[in-house]
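First comes the structure, then the notes that go with it.
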Amino acid sequence: MSKILLAGATGYLGGFILKELLRKGFETKALVRNEKKLPEGCLAHPKLELIKAEITNRDALKDCCRDIDVVISTVGITRQKDGLTYMDVDYQANLNLLEEAKRNGVEKFIYISVLNGEKLTHLKICEAKEKFVWALKNSGLDYCIIRPTGYFSDMGEFFEMAKKGRIYLFGNGEHRMNPIHGADLAAVCVNAVVSGEKEILAGGPEILSHNQMAETAFSIAVKKPKITHIPNWLTKSLLFLIRTCTGSKTYGPIEFFITVLSRDMIAPEYGNHTLKEYFKEIKLHNQFKS
Ligand SMILES: NC(=O)c1ccc[n+]([C@@H]2O[C@H](COP(=O)([O-])OP(=O)(O)OC[C@H]3O[C@@H](n4cnc5c(N)ncnc54)[C@H](OP(=O)(O)O)[C@@H]3O)[C@@H](O)[C@H]2O)c1
């Protein structure tokens, strides 16, 4: 059975991948900078080995891939505020790991990019991710690039807005997507360890318009639906203003978010988790906390 090095296990998707790897019996090394953020119950697992290192520091990675057959990386900036750019992390940090993988004779590298990333390289995040994809494709290693739609973790915003009584959507709300739950996507990533596919586009089991997602959120929040549709001209003006007045670390995530919500994001369907169930889970979690 392959031995895996997982980078990103302290994040949303990486946490589910770690659980899936351990459930399937893979010997797993997790490369982390803060082990306290690992999913509950994993830290003491007998098949888990920890390496504490900064992936952005090439020297710190020395020998992390020794005896490793397959590397999986979900490392990338989402909400982190470390003062680093997408080029520092999504590209360079993953490249550091790729170089170390090559040096240690790793067979395969599995990387998480984003659906349509190769067509969106004018966005800072996609420019960095696709630069890494290019390096990986030319590395000589076997590889698999996973291209997911949006994650359920981000769809939680719909529920948060619904609780407050109004949801803001870009355009007329009729763009559609099939977001995917971390557990469903983790199963796709772990299957990629043995599958021969080089590129996997992945979305969840339900294709919904933004209006339908909003209605689902209101029904679980038990609030009367109130949706404000932000016209495209206003979105474009806002984006221009943010691009002009802020640095790339601020506008990068905003331009990505607005761009993917201003188009259809539909990929082949995987898994069985529904958004309705996810919103119910958040609601239960919130009730438990308060
Ligand atoms: N969210 C979406 O809808 C979506 C859709 C398509 C693709 N993606 C991509 O999928 C990947 C995983 O997303 P996610 O939602 O699981 O992200 P996440 O929860 O933010 O996890 C990202 C991981 O990267 C690590 N990381 C980030 N900056 C780092 C740095 N400077 N040094 C070391 N480690 C760093 C984080 O470590 P710490 O925990 O220590 O911060 C974490 O383990 C990302 O590359 C994202 O761009 C996301």
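The values are calculated or read from the model by the stated rules, or taken from the named source; none is laboratory data. Predicted, not measured: the structure shown is a model, and the values here were computed from it. No Cβ is skipped: glycine too gets one built from the backbone with ideal geometry, and neighbour counts run over all protein chains shown.
The rows are residues; the columns are (1) near the ligand (Cβ under 10 Å from one of its atoms); (2) part of a helix (DSSP H, G or I).
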position	(1), (2)
F16	yes, yes
G25	no, no
L31	yes, no
E40	no, no
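Among the candidates K81, K102, K108, K119, the residue that is surrounded by fewer than 22 Cβ atoms within 10 Å (Cβ to Cβ) and touching a Phe, Trp or Tyr at 6+ places or on another chain (Cβ under 7 Å) is uniquely K108. Scanning the range 42-97 for residues that are part of a loop (DSSP other than H, G, I, E, B), of a type in the set (G, A, S) and more than 7 Å from the ligand (Cβ to nearest atom) yields A44, A53, G83.
With K124, K137 as the choices, which residue is closer than 28 Å to T250 by Cβ, of a type in the set (K, R), over 13 Å from the mean Cα position of the chain (by Cα) and more than 10 Å from the ligand (Cβ to nearest atom)?
Going through K124, K137 in turn, the sole match is K124.
Among the residues making up the range 138-150, those that are in contact (Cβ under 8 Å) with a residue 24 or more places away in the chain and surrounded by fewer than 19 Cβ atoms within 10 Å (Cβ to Cβ) are S139, G140, L141, D142. Residues in the range 141-179 that are away from the ligand (no atom under 16 Å from the Cβ), closer than 28 Å to M87 by Cβ and in contact with a helix residue (DSSP H, G or I) (Cβ under 7 Å, 6 or more places away or on another chain): L141 alone.
Suppose we filter the range 244-284 for residues that are outside any loop (DSSP other than H, G, I, E, B) and either within 22 Å of the chain's Cα centre (by Cα) or surrounded by 15 or more Cβ atoms within 10 Å (Cβ to Cβ) (or both); how many remain?
Matching residues across the range 244-284 total 24.
For the range 228-247, the count of residues that are in contact with a Lys or Arg (Cβ under 9 Å, 6 or more places away or on another chain) and modelled with pLDDT of 85 or more is at least one.
Quick test for you: out of P46, P39, pick the one residue that is within 17 Å of the chain's Cα centre (by Cα), surrounded by fewer than 20 Cβ atoms within 10 Å (Cβ to Cβ) and without any contact (Cβ under 8 Å) to a residue 60 or more places away in the chain. Just one listed residue meets the conditions, P39.
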